[in-house]
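Engineer: Here it is, the structure, as structure tokens.
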Amino acid sequence: MNTPDHLRFTASHEWATEPADGIVTIGITDFAQDQLGDVVFVELPDVGRSLAAGEAAAVVESVKTASDIYAPLAGEVVEVNAALLDAPEAINTDAYGGGWLFRLRVADAGAWGGMLDAAGYAAVAEEG
Amino acid sequence: MRKTPLHDEHVALNARMVEFAGWHMPIQYPTGIPQEHLAVRQDAGMFDVSHMGQLRVLGPDATAFLSWATLNDPARLRPAQGQYSMLPNDRGGLIDDLYVYRDVDESFLVVANAANVGAVLAHLQALVEASPPGPFEAAVRDESDGWALLAIQGPTAATKVDRLVAADLTEVRKNRLIDTTLSGMPVRLARTGYTGEDGFEVFCRPVDAAAVWRLLLEAGVTPCGLGARDTLRLEAGFPLYGHELDAGSNPLCTPFAWVVKDKPVFGLDVMRRGECRRRLVGLVLEGRGIARDGYRVLDAEGRVLGRVTSGTVSPLTRMSIAMAWVDAEHATDGVRLSVEIRGQPVPATVTPPPFYRP
């Protein structure tokens, strides 16, 4: 399972980068994109929207199903990956890079450390 | 779960396997549904459809019986010719949709959906004995275990199959059957399919299925799963029983009313008395969200007009397409409606299928 060590994860299959100047980048894991199959559509949150931790923030839709994406941390949306609107398949081909969904200015930078680390997430994902 | 004779081939190709109508079937290969869809539209793809049922209808009254039992007219078939048809119930709806092939004068092969084989067999066996206008001098039996079935579809399908078989396929017209050999193995080819593309359905002995599959693989035919089969048939505007058609849907209120021929048929009187208060339509949506089975169709005031039966985004055209049963008053080509996707109305235009013509 591809779970980079420098990221933190949620049990609902989101990843987040370590806060840099209070900003984190959010996406879905390689495991999640593989389960979803070919992504055909994404709905991204409005820039400026305030999200609570665990709040539904985006939708990733594949041929098979539509899946809600939750904010792993509380914060304000500062940027979205608009390239996904035309090329949502980047989520499948580059889940941890070009397939990022949105960036948050987090309310509490320390909360990131409380998310699952790579080993913790791998254990959760393998349990299904 | 039941396995087709090609089960191990799918597993060896790392297909994602799912349960479908009691069978363990490939939904997709690592290639992915969009690429499989494109292979069929631009080159050639193959599907294992061995889970479908084959019933034999045989006897002096076989034509008369199938003419009474099915909505299309088997009397119009010459030997070695097939037609799309439907099997009505006694309530103005359908037990299944079918392909009916005439082998020889009074012997037919009926291909039914995997989920409905038992119901189709039971209905035909009861109807053949029922009077009037029966009992008919005909027998109905299940030959499903005797056949493996592969569909090879796409613009290069005929060329690729032609190279492998003894017969010359250029003279085999649409809906015709031909018995020939493929690398020495007996096969029966039907020039038909469920994707809108040219191609063949290949009936072969279960024991030969894996060898046929591998020869086609070597010929450059892309393996495709049930996922692509569904996006392709929807784009081509074909119905899927259990979605567009079911026990309560009147085919006269659908784009497939052409199937119903003017002759006495079991259940047809009830069907004709039924009013089309709702109609089956095609929809093209704005944007790329998918209108999924069960989603509500709304008018401008937010009133519910009906429900989506199937929807997808075409990997070829990128259009979001769907079929839906809607109030007959709104079922006119060009009418603007909307589909409720995750609480939001998304504009949609009533558009006659097919959504793509090769």
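The values are calculated or read from the model by the stated rules, or taken from the named source; none is laboratory data. Not measured: the values here are computed from a predicted model. Cβ sites come from the backbone with ideal geometry, for glycine too, and all protein chains shown count toward neighbours.
Engineer: Scan the stretch A:63-85 residue by residue and report those that are within 17 Å of B:Gly343 (Cα to Cα), polar (S, T, N, Q) and more than 10 Å from chain B (Cβ to nearest Cβ).
Structural biologist: The answer is A:Ser67, and nothing else.
Engineer: Take the conditions farther than 30 Å from B:Leu38 by Cβ, at pLDDT 95 or above, of a type in the set (D, E, K, R) and surrounded by 17 or more Cβ atoms within 10 Å (Cβ to Cβ) and apply them to B:Arg296. Does it pass?
Structural biologist: It is true that B:Arg296 is farther than 30 Å from B:Leu38 by Cβ, at pLDDT 95 or above, of a type in the set (D, E, K, R) and surrounded by 17 or more Cβ atoms within 10 Å (Cβ to Cβ).
Engineer: Also, I was wondering about something else. Would you please list the contacts, defined by Cβ atoms under 8 Å and residues six or more apart or on different chains, that run from a residue in the stretch A:65-93 that is touching a residue at least 60 places away in the same chain (Cβ under 8 Å) and within 26 Å of B:Ala291 (Cβ to Cβ) to a residue that is assigned to a strand (DSSP E or B) and β-branched (Val, Ile, Thr)?
Structural biologist: A:Ile91/A:Ile28; A:Ile91/A:Val39; A:Ile91/A:Val42; A:Ile91/A:Val60
Engineer: Filtering the stretch B:79-107 down to residues that are buried (at least 18 other Cβ atoms within 10 Å of the Cβ) and of a type in the set (Val, Ile, Thr), which residue is nearest to B:Val172 (Cα to Cα)?
Structural biologist: By that ranking, first place goes to B:Val100.
Engineer: Further question: Which members of the stretch B:1-45 meet the condition of being more than 22 Å from B:Ala157 (Cα to Cα) and within 13 Å of another protein chain (Cβ to nearest Cβ)?
Structural biologist: Selection gives B:Asn14, B:Arg16, B:Val18.
Engineer: Here's something else I'd like to know. Within the stretch B:289-315, restricting attention to residues that are among the aliphatic types (A, V, I, L, M) and within 12 Å of chain A (Cβ to nearest Cβ), which residue is farthest from B:Ala228 (Cα to Cα)?
Structural biologist: B:Ala291
Engineer: If the Cβ limit is 9 Å and pairs must be 6+ apart or interchain, which residue in the stretch B:337-356 that is more than 14 Å from chain A (Cβ to nearest Cβ) and in contact (Cβ under 8 Å) with a residue 40 or more places away in the chain pairs with which residue that is among the polar types (S, T, N, Q) and outside any strand (DSSP E or B)?
Structural biologist: B:Val350/B:Thr332; B:Phe355/B:Ser314; B:Phe355/B:Thr317; B:Tyr356/B:Ser314; B:Tyr356/B:Thr317
Engineer: Here's another thing I want to ask about it. For B:Thr332, indicate whether it is of a type in the set (S, T, N, Q), modelled with pLDDT of 95 or more and outside any loop (DSSP other than H, G, I, E, B).
Structural biologist: Here the answer is no, as B:Thr332 does not meet what is asked.
Engineer: Sticking with this one: What are the residues in the stretch A:87-124 that are of a type in the set (Gly, Ala, Ser) and within 14 Å of chain B (Cβ to nearest Cβ), if any?
Structural biologist: Initial filter on the stretch A:87-124 (of a type in the set (Gly, Ala, Ser)): A:87, A:90, A:95, A:97-99, A:107, A:109-111, A:113-114, A:118-120, A:122-123.
Of everything in the stretch A:87-124, those that are of a type in the set (Gly, Ala, Ser) and within 14 Å of chain B (Cβ to nearest Cβ) turn out to be A:Ala87, A:Ala90.
Engineer: Here's another thing I want to ask about it. Within the stretch A:28-50, work out how many residues are under 25 Å from B:Tyr29 (Cα atoms) and either of a type outside the set (Val, Ile, Thr) or surrounded by fewer than 14 Cβ atoms within 10 Å (Cβ to Cβ) (or both).
Structural biologist: Summing the residues that are under 25 Å from B:Tyr29 (Cα atoms) and either of a type outside the set (Val, Ile, Thr) or surrounded by fewer than 14 Cβ atoms within 10 Å (Cβ to Cβ) (or both) in the stretch A:28-50 gives 10.
Engineer: Go through the stretch B:194-211 and give me each residue that's on the phi < 0 side of the Ramachandran plot and within 22 Å of the chain's Cα centre (by Cα).
Structural biologist: Start the filter on the stretch B:194-211 by keeping residues that are on the phi < 0 side of the Ramachandran plot, which leaves B:194-195, B:197-198, B:200-211.
Selection gives B:Tyr194, B:Thr195, B:Glu197, B:Asp198, B:Phe200, B:Glu201, B:Val202, B:Phe203, B:Cys204, B:Arg205, B:Pro206, B:Ala209.
Engineer: List pairs: first in the stretch B:162-191 and farther than 22 Å from B:Arg102 by Cβ, second of a type in the set (Asp, Glu), Cβ under 7 Å, 6+ apart or cross-chain?
Structural biologist: Qualifying pairs under 7 Å: B:Met185/B:Asp208.
Engineer: Oh, and also: Testing B:Asp8 on (1) among the acidic types (Asp, Glu); (2) within 20 Å of B:Asp208 (Cα to Cα); (3) touching a Pro at 6+ places or on another chain (Cβ under 8 Å), one condition comes back false. Which one is that?
Structural biologist: B:Asp8 satisfies every listed condition except (3).
Engineer: Given the conditions (1) at pLDDT below 95; (2) in contact with a Gly (Cβ under 6 Å, 6 or more places away or on another chain); (3) within 14 Å of chain B (Cβ to nearest Cβ), report the number of the one that A:Val40 does not fulfil.
Structural biologist: (2)
Engineer: Do you know which of the residues in the stretch A:43-62 that are hydrophobic (A, V, I, L, M, F, W, C) and within 25 Å of A:Val124 (Cα to Cα) is farthest from the other protein chains (Cβ to nearest Cβ)?
Structural biologist: The qualifying residue farthest from the other protein chains (Cβ to nearest Cβ) is A:Ala53.
Engineer: For the stretch B:265-288, how many residues meet the condition of being in contact (Cβ under 8 Å) with a residue 40 or more places away in the chain and within 14 Å of chain A (Cβ to nearest Cβ)?
Structural biologist: 3
Engineer: Among B:Arg76, B:Arg41, which is the only one that is out of contact with any helix residue (DSSP H, G or I) (no Cβ under 6 Å at 6 or more places or on another chain) and surrounded by fewer than 18 Cβ atoms within 10 Å (Cβ to Cβ)?
Structural biologist: B:Arg76
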